[in-house]
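The values are calculated or read from the model by the stated rules, or taken from the named source; none is laboratory data. Quick caveat, the model's predicted, so the values are computed rather than measured. Every residue, glycine as well, gets a Cβ built from its backbone with ideal geometry; the counts of neighbours run over all protein chains shown.
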Amino acid sequence: MIAGQRFGACLLQSGSRQYKGQHPCSLVRYHGHFRISELVGFDPRLVFIFLSDCASLAHAHFLTGSQRRSCVLDFLTLLIFCYFLHCTRRAQPKKMIMPSPFLCVHVLLTFISMVSSFSSLSPPPHQKWASSAAHIMDHLLNPPLHAAVPLEDLANVRIPGPPGSSLDIAAYKAAPSSGGEGGHTIILLHEFFGLNPSIVEKAKGLADDLGCEVVAPDVFRGQNTDFIPKAIWLALTTPQDRVDEDLDAVCAYLEDSAGDKGKGKLAVMGFCLGGGKAIRYTTERRPEAATVIFYGSPLTDVNGLRKLKGPVCGIFGNKDAQFPAALLQQFKTSLNEAGVESDVQIYDGVGHAFWTGMEQVRRGEQPQTDAYEQCTSFLRKFFFEKQ
């Protein structure tokens, strides 16, 4: 906003008039005198541009590369035209301007559309930017259902951290209500909001249904949130190597606590951020473990996947903008080429993070119930049918 204000000052030689008011549907805010129509009305063309942005962005993944590029050029042309139209009004020749929320949203939509459009024609780094932008938009449009709860109210165990550190890892540990057999364990990794009530609820449900222990560690080392900018920051500042070290410490704790019960099988399961961390952990550190990915970043490196001895379960939605159909097909192909037993399903009509809680399963909602049954059937087979 400061940059826009300075630009306007230089361009229009604004005087020292005092700011009088603004309308949220204006592309720019004016400092100076206003006409009544500007205070109470708005230009319908701006609303049309905004709606066209949203519609074009929603359909961006169904267009060809050339159509996408044309769409982006249209956005940029409209943006530049409308901005300078408002800056150079003959009725407002000397007004200080700066971007309004409407213009900021327009710029954001333009940027995301541009990144998405060129991602299909660009190298993988650009695809990562497009996926990140889609990730942010998914969570902005679908905020978490649960408010952040202090970790001390969620965690019921403290696990010694990696060797040489004074860190304790907070975790929620769920045991089956009717006992269990075999000493099998699931490590359940949270999404980018951190350990939260939804993960705790899923851990309880999985423990009861599968008769195994479920441990959900806090891989953000003492932080969680329901504020998306902070969640993005936590995800960006939590490297895979650090997660691997923490999960090694969790595995050591599980082995020590098993005692005379013997060592059962291990599965590593994750949602969103946790799903991507899960398969990268099992590939590098626990290849004998089973891996379950709920709409997490897939690994398509065949040489890396060849390290896996355990099976892989993948659950995705066909409307998830982060992971287009071509990427998921490549994931399936790579698993097959690597000789990894796998069960990867893409469910129709849902996008990212479509399983929000156990209540959906209890109500029999679809495809959440089918996805849950796919996951639990996969884990039962791994735990109990391959002794």
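With respect to the conditions (1) outside any strand (DSSP E or B); (2) in contact with a Lys or Arg (Cβ under 8 Å, 6 or more places away or on another chain), D256 falls short on a single one, namely (2). Residues that are closer than 21 Å to I186 by Cβ and without any contact (Cβ under 8 Å) to a residue 24 or more places away in the chain within the stretch 304-358 comprise just one, K309.
Here F192 passes the criteria (1) assigned to a loop (DSSP other than H, G, I, E, B); (2) modelled with pLDDT under 70 except the one numbered (2).
Residue-by-condition table, conditions (1) hydroxyl-bearing (S, T, Y); (2) crowded, with 17+ Cβ neighbours inside 10 Å; (3) touching a strand residue (DSSP E or B) at 6+ places or on another chain (Cβ under 9 Å); (4) assigned by TED's automatic domain parsing to the domain that holds D209:
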residue	(1), (2), (3), (4)
R280	no, yes, no, yes
F294	no, yes, yes, yes
V302	no, no, no, yes
K309	no, no, no, yes
G317	no, yes, yes, yes
L335	no, yes, yes, yes
V350	no, yes, yes, yes
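Could you tell me whether P287 is assigned by TED's automatic domain parsing to the domain that holds V200, within 24 Å of the chain's Cα centre (by Cα), touching a residue at least 12 places away in the same chain (Cβ under 8 Å) and in a loop (DSSP other than H, G, I, E, B)? Before you say what the answer is, go through the steps one by one.
Numbers: assigned by TED's automatic domain parsing to the domain that holds V200: yes; within 24 Å of the chain's Cα centre (by Cα): no; touching a residue at least 12 places away in the same chain (Cβ under 8 Å): yes; in a loop (DSSP other than H, G, I, E, B): yes.
No; evaluated as a whole, the condition is false for this residue.
Taking the residues in the stretch 333-367 that are among the polar types (S, T, N, Q) and under 19 Å from I199 (Cα atoms) as candidates, determine which candidate is modelled with the lowest pLDDT. Selected residue: T356. Scoring D209 on the criteria (1) in contact with a helix residue (DSSP H, G or I) (Cβ under 6 Å, 6 or more places away or on another chain); (2) crowded, with 19+ Cβ neighbours inside 10 Å; (3) outside any loop (DSSP other than H, G, I, E, B) leaves a single failure, condition (2). In the set (1) out of contact with any Leu (no Cβ under 7 Å at 6 or more places or on another chain); (2) in a strand (DSSP E or B), the condition left unmet by F323 is number (2). On the stretch given as the stretch 341-387, residues that are of a type in the set (A, V, I, L, M) and touching a Pro at 6+ places or on another chain (Cβ under 7 Å) total 1.
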